[in-house]
Structure formats: C-alpha cells, structure tokens
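Trainee: First the structure, which I've put down as structure tokens, then a few questions once you've had a look.
No lab work stands behind these numbers, since they all come straight from the coordinates. The structure displayed is predicted, hence computed values, not measured ones. Glycine gets a Cβ as well: all are built from the backbone with ideal geometry, and neighbour counts include every protein chain shown.
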Amino acid sequence: MRPETEAEVAGLVRGARGPLSVIGGGTRLLPGEGQGTRLSSAALTGVTLYEPAALTLVARAGTPLAEIEDLLASERQRLAFEPPPAAGSTIGGVIAANASGPRRVKDGAARDSLLGVRFVDGSGEIVSNGGRVMKNVTGYDLVKLMAGSRGTLGVITEVSLKTQPIPPASLTLALPELGAAAAVPALTAALTGPWDVTGAAWLPPHGALIRIEGLEGSVKLRADTLSARLSAFGTVQPVGDDPWLLLRQNIPGSGAAPRPGGAVWRVACRPSQAATILTMNPEAAPLALDWGASLILLSLPSDARPALPSGARALCLQGAHRGPLPPSDPVTRRLEDGLRERFDPRGIFAAPELTVA
C-alpha cells in the first residue's frame with residue numbers, strides 16, 4: 001500500500017484487519033522487520049515549509065533525504081544529526097529509526113532535532129505534535145516518542161526539524177596507527193577536553209578520527225592544541241572529510257550493502273566499556289567505532305552472539321538473530337506493552353521489540 005495523502009493513510013489503518021508493516025524507503029529494515037502487509041509512506045512527499053532564517057524545515061514523511069539535504073545545502077545549512085545516507089532514504093524513515101551519524105556526540109540524535117511530528121495511530125486517528133488530547137496518553141512526549149519507534153506506534157506523515165548553519169571550516173585529525181581498542185583512550189581524551197569535537201570515531205584503514213568545526217581561526221587553534229595532546233597516543237595527521245562519509249555509508253542497517261557471510265552487530269555501551277567488549281569477543285572483527293566508542297560495529301560468525309558487560313546492549317543488523325541482547329527486562333516490557341496498548345490498541349502494527357537507537 002502506497003497512500004499519497006495523510007487522509008488515505010488514516011483510512012487504510014482504520015480498515016486494516018491484519019498486521020501492517022510501516023516502511024519509508026525500506027533502506028533501514030532490520031532482521032525480522034517488514035512482516036505483514038507493507039504500508040509505505042514514500043508517496044507522501046514534499047517540503048511544506050522552509051524558513052532558513054528561523055532554522056526550521058517541515059517536510060512530509062516520504063520526502064527523500066537527499067532532496068532535503070540538497071535544499072539545505074543551497075542555504076549553507078544542514079541537519080545537525082548527520083543522518084547516514086542511503087539511496088531511497090526518506091526523512092520519515094530517518095526519524096522512525098532515529099538514524100544519527102557521527103555528529104551525535106556534539107549535537108545529539110535525530111530526536112533532538114525533531115520539533116514536531118504528525119502521525120496516524122493504530123486507531124486511524126491523526127495526531128499532531130501531541131496537540132490533540134488523547135484518552136490515557138496525556139503526559140507523553142509524543143515528538144520524542146515517535147523518534148526511534150520504527151513504525152510500531154504509528155505511521156509518521158510529517159516532521160518538523162531544526163536545521164543548522166554549515167560552519168566555515170572543518171578539519172579532521174587521524175591517528176592511523178591505532179587499532180580499535182587503542183583508539184578508545186584517544187577518542188575519550190579528545191571528547192573530554194576543550195576542543196568542541198563534532199566527531200570521534202575509529203574506521204579502518206584511517207584509524208582514530210577526530211573532527212573539529214567552526215570559524216577558520218578557531219579550528220586551526222584547536223587543531224594545533226589537540227594534535228599536541230593526541231601525540232601521546234601516536235602519529236597525528238590531518239585528513240579530508242571523506243572518512244566521515246565512508247563511515248556513514250557503510251553501517252549495515254542504514255542502507256549499506258549487506259556484508260558477505262557472518263553477522264554484523266551494533267553494540268551500544270559506555271565508552272569506558274568499549275575496550276572490554278573488544279577483549280571479551282576475540283573472534284569478532286571490529287568494523288567501526290563511533291560516538292566516542294559508545295557505538296561499536298562488530299562482525300561475528302553467523303552463529304555467534306557478542307559477549308557483553310552489564311549495561312551494554314546489542315542489536316543484530318545483519319544475520320538471523322531477532323531482537324536486542326539482552327532481551328528487555330520485565331519492567332521495560334511492561335512499559336513497551338503499555339505504549340502499544342495506548343497507541344495501537346488493535347495491535348495493527350507489526351511490532352518487533354522496541355530498541356533504543
């Protein structure tokens with residue numbers, strides 16, 4: 001099903017008798033998603049409002065991400081959360097997945113740039129910004145709630161976003177000699193200092209990557225002092241911006257081509273746990289670290305699951321495993337079930353276990 005208006009979406013949801021799987025461009029589906037009858041928001045297209053001076057943009061859910069980024073670039077603006085690019089990606093899908101790139105360490109996730117949202121709930125009712133009073137849901141932050149909900153609570157039809165001016169200068173420092181575990185303290189040092197870092201990652205063959213943005217003079221000054229600090233960890237050299245695009249393009253589950261064989265896991269943890277996780281999984285090949293090592297991408301044999309310390313969570317992006325590790329605890333499950341009961345009382349939306357994005 002491919003409705004072209006919000007009213008059509010509402011009618012289709014009201015008339016549904018079996019499970020619906022909500023998709024945008026279909027570029028960010030995880031194992032186990034996409035079951036049931038597919039309802040695509042890809043035909044709900046168009047930027048309905050853009051005020052560069054107010055740093056505000058409103059777009060229908062099916063508007064291509066590339067179209068929005070081109071429009072913003074024409075005004076020297078961007079989306080602060082640096083969403084991973086993928087051919088066919090839509091802005092509604094980006095928000096539903098809370099898809100956020102390296103700049104999350106500085107400017108927050110997709111949900112932090114979301115000002116407003118319109119969606120159709122499981123009863124076929126249109127909800128706008130939480131403004132419509134809904135029985136038994138007063139008090140929910142509907143805007144933040146829909147970011148990362150992956151179509152389990154409703155069909156996003158329109159989003160309102162904060163935009164951000166593109167800074168005049170950007171510089172990336174690399175420590176190419178560092179492996180994944182050795183990169184963690186270097187990334188931590190960069191993020192905990194006064195350098196206002198907008199990216200802290202590790203990606204082979206570039207090694208540790210630290211990005212600074214801002215006015216040209218400020219960037220140069222900060223880069224000089226940061227280079228001196230990072231020299232304690234290894235050779236430091238400037239590189240172009242290409243590693244950041246490569247990092248965003250090659251994350252499975254964000255539109256990247258599947259990797260042959262094995263499984264790919266996304267691990268969310270405290271940065272202080274990253275080296276421990278790498279040690280606990282000697283059979284794993286680290287593919288990337290991002291967000292200062294609070295995000296780890298691991299390649300594992302197809303039948304293996306990552307060993308995790310307490311508090312860390314993992315999600316299979318490519319492979320046979322379904323749902324997060326460890327499974328949600330009973331309290332979290334009750335909260336998730338309560339949300340679904342309020343927003344989808346008929347159980348229309350195909351609902352994999354909600355995951356923190």
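Trainee: Using DSSP to define loop residues, name the trypsin sites (Lys or Arg not before Pro) in region 279-357 whose beta-carbon has at most 14 other beta-carbon atoms within 10 Å.
Mentor: Within region 279-357, the qualifying trypsin sites (Lys or Arg not before Pro) (loop, at most 14 other Cβ atoms within 10 Å) are Arg322, Arg346.
Trainee: Let me ask you something else. Enumerate the amide H contacts of Glu158 below 5 Å, restricted to partners 5 or more residues apart or on another chain; note that Pro and chain-start residues carry no placed amide H.
Mentor: Those lying under 5 Å, H to H, from Glu158 are Ala61, Arg118.
Trainee: Turning to a different aspect of this structure: Using just the helices of the chain, give the 222 nm mean residue ellipticity in deg cm²/dmol: DSSP H runs with n ≥ 4 each add -39,500 (n - 2.57), and the total is spread over all residues, rounded to 500.
Mentor: -7500 deg cm²/dmol
Trainee: In addition: Taking 7 Å along the Cα-to-C-beta vector as the label spot, tell me the Lys144-Ala7 distance in nanometres, rounded to one decimal.
Mentor: 3.5 nm
Trainee: Short version: ³J(HN,Hα) in whole Hz for each residue of region 42-55, in order, from phi by Karplus 6.51 cos²θ - 1.76 cosθ + 1.60 (θ = phi - 60°), x for Gly and Pro, what are they?
Mentor: Here the 3J(HN,Hα) series is 5, 8, 8, 10, x, 7, 8, 7, 9, 10, x, 5, 8, 6 Hz.
Trainee: Please order Thr37, Thr276 by the number of other Cβ within 10 Å, starting at the fewest.
Mentor: Placing the least packed residue first, the sequence is Thr37, Thr276.
Trainee: Counting only other residues whose beta carbon sits under 15 Å from that of Arg60, what net charge do I get with K and R as +1, D and E as -1?
Mentor: Result for the neighbourhood of Arg60: -3.
Trainee: Name the residues whose placed amide hydrogens come within less than 5 Å of the amide hydrogen of Ile166, ignoring near sequence neighbours (fewer than 5 apart) on the same chain.
Mentor: For Ile166, the qualifying residues are Gln77, Arg78.
Trainee: Would you mind ranking Cys269, Cys316 so that the residue whose beta carbon has the fewest other beta carbons within 10 Å leads the list?
Mentor: By the 10 Å Cβ count, ascending: Cys269, Cys316.
Trainee: Scan around Ser21 for amide H atoms under 5 Å from its own, H built in the peptide plane at 1.01 Å from N, and keep only partners 5 or more places away or cross-chain.
Mentor: Here Thr37, Arg38, Leu39, Ala350 satisfy the definition.
Trainee: If every alpha-carbon in region 198-330 counts as one equal scatterer, what log10 I(q)/I(0) does Debye give at q = 0.19 1/Å?
Mentor: -1.10
Trainee: Now, a different point. For region 60-68, just list the computed ³J(HN,Hα) in residue order, Karplus coefficients 6.51, -1.76 and 1.60, θ = phi - 60°, integers in Hz, with x standing in for Gly and Pro.
Mentor: With coefficients 6.51, -1.76 and 1.60, one gets 6, 4, x, 4, x, 4, 4, 5, 5 Hz.
Trainee: Here's a follow-up. Residue by residue through region 71-77, which ³J(HN,Hα) values in whole Hz follow from phi under the Karplus form 6.51 cos²θ - 1.76 cosθ + 1.60 (θ = phi - 60°), with glycine and proline marked x?
Mentor: Coupling constants for region 71-77: 4, 5, 4, 5, 10, 6, 10 Hz.
Trainee: While we're looking at this one, here's another question. For the ranges 208-220, 84-96, what's the packing order if you count other beta-carbon atoms within 10 Å of each residue, average per peptide, and put the highest first?
Mentor: 84-96, 208-220
Trainee: Take the Cβ-Cβ distance between Thr192 and Met280 as r, set R0 to 25 Å, and report the resulting FRET efficiency rounded to the nearest 0.05.
Mentor: So the FRET efficiency works out to roughly 0.55.
Trainee: Please arrange Phe119, Phe81, Phe233 by how many other C-beta atoms lie within 10 Å of their C-beta, fewest to most.
Mentor: Going from least to most buried by this count: Phe233, Phe81, Phe119.
Trainee: Continuing with this model, one more query. Using alpha carbons only, how many degrees (0 to 90, rounded to 10) separate the axis of helix 180-191 from the longest principal axis of the chain?
Mentor: It is inclined by approximately 90 degrees.
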